[in-house]
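Right, one structure below, let's go through it.
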Amino acid sequence: MSAPTTSTPASAPAAADAGRPAEDWTVDELMITRLAACFVDGDQACNGMASFIPVSAFMLARLTHAPELVWLASAVGLDPRPERVPASTLEAPLWRDSVMYMEQFGDFWNYALNGRWLQKFCVGAAQLDRFGNANNSFIGTDYHAPKVRLPGTVGMGDMGSIGKLLYYWNPNHNPRSLVEKVDFVSCAGYLGGGTEREDLGLVGGPQLVVTDLCVMDFEPVTKHLRLQSVHPGVTVEQVQAATGFELVLPEGEVPVTAAPTAEQVRLIREVIDPDGMRKRELGKR
Amino acid sequence: MSAPTTSTPASAPAAADAGRPAEDWTVDELMITRLAACFVDGDQACNGMASFIPVSAFMLARLTHAPELVWLASAVGLDPRPERVPASTLEAPLWRDSVMYMEQFGDFWNYALNGRWLQKFCVGAAQLDRFGNANNSFIGTDYHAPKVRLPGTVGMGDMGSIGKLLYYWNPNHNPRSLVEKVDFVSCAGYLGGGTEREDLGLVGGPQLVVTDLCVMDFEPVTKHLRLQSVHPGVTVEQVQAATGFELVLPEGEVPVTAAPTAEQVRLIREVIDPDGMRKRELGKR
Amino acid sequence: MSQDKRASLAEAASLVRDGDVVALQNMATQLAPMAVVRELVRQQRRNLGIVGLVAGIPVDWMSAAGVMDRFIGGAVSMEQFGLCQRYRKGVEAGAIRVEELSETALNSRLGAAARNLPFLPTRGMIGTQLIDMDPDNLRLIEDPFGGRPIVACRALVPDVAIVHAHRADRAGNVQLEPTAEWPDLGIMPKAARRVIVTVEEIVDSSLLRRRPDRTVLPGFVVDAVVEVPFGAHPTSCFPFYGYDTALHLAWVKAARDDDATEAFLDRYVREPADQAAYLRAVGGATTMLALQRWEHA
Amino acid sequence: MSQDKRASLAEAASLVRDGDVVALQNMATQLAPMAVVRELVRQQRRNLGIVGLVAGIPVDWMSAAGVMDRFIGGAVSMEQFGLCQRYRKGVEAGAIRVEELSETALNSRLGAAARNLPFLPTRGMIGTQLIDMDPDNLRLIEDPFGGRPIVACRALVPDVAIVHAHRADRAGNVQLEPTAEWPDLGIMPKAARRVIVTVEEIVDSSLLRRRPDRTVLPGFVVDAVVEVPFGAHPTSCFPFYGYDTALHLAWVKAARDDDATEAFLDRYVREPADQAAYLRAVGGATTMLALQRWEHA
């Protein structure tokens, strides 16, 4: 039980050449490093259930470039020191050694709704459309007779509307999860695109989508998903073929997502997630 | 510090003739016994600040006829065992040995507003009028240039409107505190009388007024204050002379308020309030 | 000092009537009042509407057993053990109706009920289709002070709330060990007409008085308190014991098949006569000791 | 792991600007951030609007010193020590404007601010004249679901909240010993734009981690945390020390007379250069030891 924690010397970059690209990274590790880059010192990050990749990203950020990233584990435990990524990102082992247990009904939402705190949320969704709207409610055409009942949206149904910056992660980029139009908008993205979200008085909104093939952002005027970079070894054509709508491409050549560094891979494998929980989210394509 | 508590044998009626009227009761003790009679097993009572007489009444009820009266001391401490009535009814010594500390912002009002719990409140007011409206805001005609600024109403401004049964206590019955019409309605009684309160959708309302001269209830149709009983030795004329409006009298002879029993007086003096805090509220007439 | 609220599981479950709206504490794999849930299955309760924020295995069992026909709330998921297959089948077959609410919408609806308000507002859900699907309970209203419209969430008063906690006294004053305080316990018992609490142990009030800040529910709201050791099993009750990975996996496997589902329910839910028999059926002391060590969590 | 929020009293008080709306923790004779209040008097802050549920001696001192010109809240009273005479005189002379709110109205206004809502509703105050006096902030609105009208209480966003507690770490994570949790600490720091916390002691985070359930405010909302032993004196800080009866009585006596009021403020508020000097002025170790024993409470 004497595992390394985020503040032990063992966690610090070990070697002078730790910044070199890793030789044998895997795509879960790349997704983690890319998401980690979205969080900086002073941000307050918060995770929900089955969020192994975001949790690994927060832990990595705290071990590397953002030691003062505030992390509210499972929206419960403030600044925890979990031994490692546990089998659940919603159970107590994740918020081990917290400095505060935040009460959920009265208190968590005082901070989450306020607008000044807990600005960035990582969101997973069964369906995501070209304007960043998400669906975790149902697949089909009839709410009361769905083809597939999905788990439900819970907090996502709020986070899209209350000014948060949303970072989607999708470990199984395919035309069923990245669709022209979601069957049901259970989390508000840019709605019909353009100024539609803004016209409704909503601020914030989706910022980035990190999948197992690529990274996408949003074209500023149309709010259409736009390819930002493809992961090493992935072609634009492969991404397009796996996407249910026509991608907007960036100007010029499409960049390649930076590979994880050797040190990042070491931290993920040895310190953060030695049990490989992060891999559970992959391979369902 | 090993004071008697509400559950020790010392608190039980001691003598066979304990039910006989006391020979030397004082009016504060009579007010306490009369208020205590309003509270029965299963009620949830709650006190605010400077409430020495109601607090003594709750403690007396628990020691005698209502051992299962739930008491939320200062709206904070549930089922406390205070050593005695302390110098403040809003400070920690009152909620000594509680079974729960109730959080005030989120939680207390869940119960207070609900309608099913914390039904009865004892209310003190600077002014009370013939229809049971109360004023703790200001004396005068101009809210922004008052003759006398009173402390303010806080929870009283709510309790009159949310279905509570209100029990007023007034240790200084005089024409300035019992007035024809309050200068400002900061706690809703029966408003203009009759069905006016009901018409606004308000349930509950004032039930009783216990003063140092008499007990008053409300005439059911007009909702006008009505003399229920005069304290031993007090005449109806004395009460009328001390009241700023014409009293409604009960049918027949005006009853005399039951005097405290010897045992009640013993409990108040020896167990509940040996320091005589209850007397602080009197003598300001 | 207060009334004795102690009851048997059967007595407590009898507070739930066919057709009731039942608010159920649960968070994916955590702290569900499973002993009462099993009792409701055994008593063959029907047409319950289950209110939950994130409900897991209890909703799947009640779906499989035909106990519930509505879910009102946020999500149904056993997190790392996946979606609740029997619930999902029920919804897809039209046997279970879903009234999906965002987290702030559910909190607001229950919060309004607790405080006897017609509604509480939220800014969540604006732009989503959740609002459109539930016009009876979610309504865009004008801000009387001139700002943007907000969503009024109508009070939801459950007939019964059922929660599990660490300890209580006979009067039903309930204590929680320091752990996650999910909204369920924070609001469900205050919003509902009747309240059932199961606890790991019933203790003397004097124990509660040592830590009055850990008491989370006053006895005067509680109708029945039942002592059920390991009463949340197979969900977790931090810090006392973890969720039962093996039983969750066994359920996930059984739930794929109708016969296996029935056999599972018979063996673990319908046949054990009491909590002791149930605990023997799920592995007895060996399993419980392992769960107390959080071995698989 | 987080930013260092430690500051001096002077630095903390500089977060309060002339004209600000300042939410002040206090409950008659309890837990007011008195060291900051004295610093505001010393710095001659002007035209503050003080928000309080039940404010006592700090409001009387600030009234006497001409620091405040508005009170927004429930009541001003020192309970058994009586009304605040200097505040009362200020109001009666027209120098201090009162915007009186019922308890649920104040809670709703601050709660709406915390949650970035335009208002929260209450059923309190209906039938009273409190609603009529404050049409900018209290408005009867229709229930969109067909029930009776309710009172919409407009969001109140204080510029600064000032609270006192038992301990904090350098990051400003604040812990309260088990005691009364008045609404002030529960909502003021979440509603306000800036937050000042004074604490009896600043400790290492590792101490907070031993009792995470006692942490009541996360550091990310706090702008300045100041270590001030006996920082609530002459109000109480249960269980550490009681209110100072002698000093309250001395103030009540002084407040009857203009010159005596000034002399009192000079001696106890303006002249002591720091907290140590103040504690010496009010009786030093002998007094503090007696207060720790709650001798006069």
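Of all residues assigned to the range C:114-127, none qualifies as being out of contact with any Pro (no Cβ under 8 Å at 6 or more places or on another chain), without any contact (Cβ under 8 Å) to a residue 24 or more places away in the chain and in a helix (DSSP H, G or I).
Among the conditions (1) surrounded by fewer than 23 Cβ atoms within 10 Å (Cβ to Cβ); (2) more than 19 Å from D:R123 (Cα to Cα), the only one that B:V203 does not satisfy is (2). In the range A:120-155, the qualifying residues are those that are touching a residue at least 60 places away in the same chain (Cβ under 8 Å) and at the interface with chain C (Cβ under 8 Å from one of its Cβ atoms), and the one that is farthest from the chain's Cα centre (by Cα) is A:V154. Counting only residues that are more than 7 Å from every other protein chain (Cβ to nearest Cβ) and small (G, A, S), the range D:130-148 holds 1 of them.
Filtering the range D:82-104 to residues that are at the interface with another protein chain (Cβ under 7 Å from one of its Cβ atoms) and either assigned to a helix (DSSP H, G or I) or closer than 26 Å to B:R280 by Cα (or both) leaves D:L83, D:R88, D:V91, D:E92, D:E103, D:T104.
Applying the condition of being assigned to a helix (DSSP H, G or I) and among the β-branched types (V, I, T) to the range D:37-71 and asking which residue is nearest to the other protein chains (Cβ to nearest Cβ) yields D:V59.
The lone criterion from (1) over 20 Å from B:Y143 (Cα atoms); (2) in contact (Cβ under 8 Å) with a residue 12 or more places away in the chain; (3) away from chain D (no Cβ under 12 Å) left unmet by B:Y190 is number (3). For the range C:198-210, the criterion of being charged (D, E, K, R), buried (at least 23 other Cβ atoms within 10 Å of the Cβ) and either in the same structural domain as C:G49 (by TED's automatic domain parsing) or under 17 Å from the mean Cα position of the chain (by Cα) (or both) is satisfied by no residue at all. Considered as a group, the residues in the range D:9-36 that are assigned to a loop (DSSP other than H, G, I, E, B) and more than 14 Å from every other protein chain (Cβ to nearest Cβ) include one that is nearest to D:P234 (Cα to Cα), and that residue is D:P33. State yes or no: is C:T235 buried (at least 19 other Cβ atoms within 10 Å of the Cβ), more than 22 Å from C:M62 (Cα to Cα) and polar (S, T, N, Q)? Answer is no for this residue. In the condition set (1) within 11 Å of another protein chain (Cβ to nearest Cβ); (2) surrounded by fewer than 23 Cβ atoms within 10 Å (Cβ to Cβ), D:R167 is compliant with all but (1). Condition test on D:G74, is it touching a Leu at 6+ places or on another chain (Cβ under 6 Å) and either within 20 Å of B:A145 (Cα to Cα) or assigned to a strand (DSSP E or B) (or both)? Judged against the criteria, D:G74 is a match.
Answer yes or no: is there a residue in the range A:230-245 that is surrounded by 20 or more Cβ atoms within 10 Å (Cβ to Cβ), in a loop (DSSP other than H, G, I, E, B), of a type outside the set (S, T, Y) and touching a Pro at 6+ places or on another chain (Cβ under 8 Å). Checked the range A:230-245: at least one residue is surrounded by 20 or more Cβ atoms within 10 Å (Cβ to Cβ), in a loop (DSSP other than H, G, I, E, B), of a type outside the set (S, T, Y) and touching a Pro at 6+ places or on another chain (Cβ under 8 Å).
Here is a yes/no grid of residues against (1) out of contact with any strand residue (DSSP E or B) (no Cβ under 7 Å at 6 or more places or on another chain); (2) surrounded by fewer than 24 Cβ atoms within 10 Å (Cβ to Cβ); (3) at positive phi:
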| position | (1), (2), (3) |
| --- | --- |
| C:E11 | no, yes, no |
| C:V16 | no, yes, no |
| C:W61 | yes, no, no |
| C:M68 | no, no, no |
| C:V98 | no, yes, no |
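The values are calculated or read from the model by the stated rules, or taken from the named source; none is laboratory data. A quick note: this is a predicted structure, and the numbers were derived from the prediction, not measured. Because the Cβ atoms are built from the backbone with ideal geometry, glycine has one as well, and the counts that use them run over all protein chains shown.
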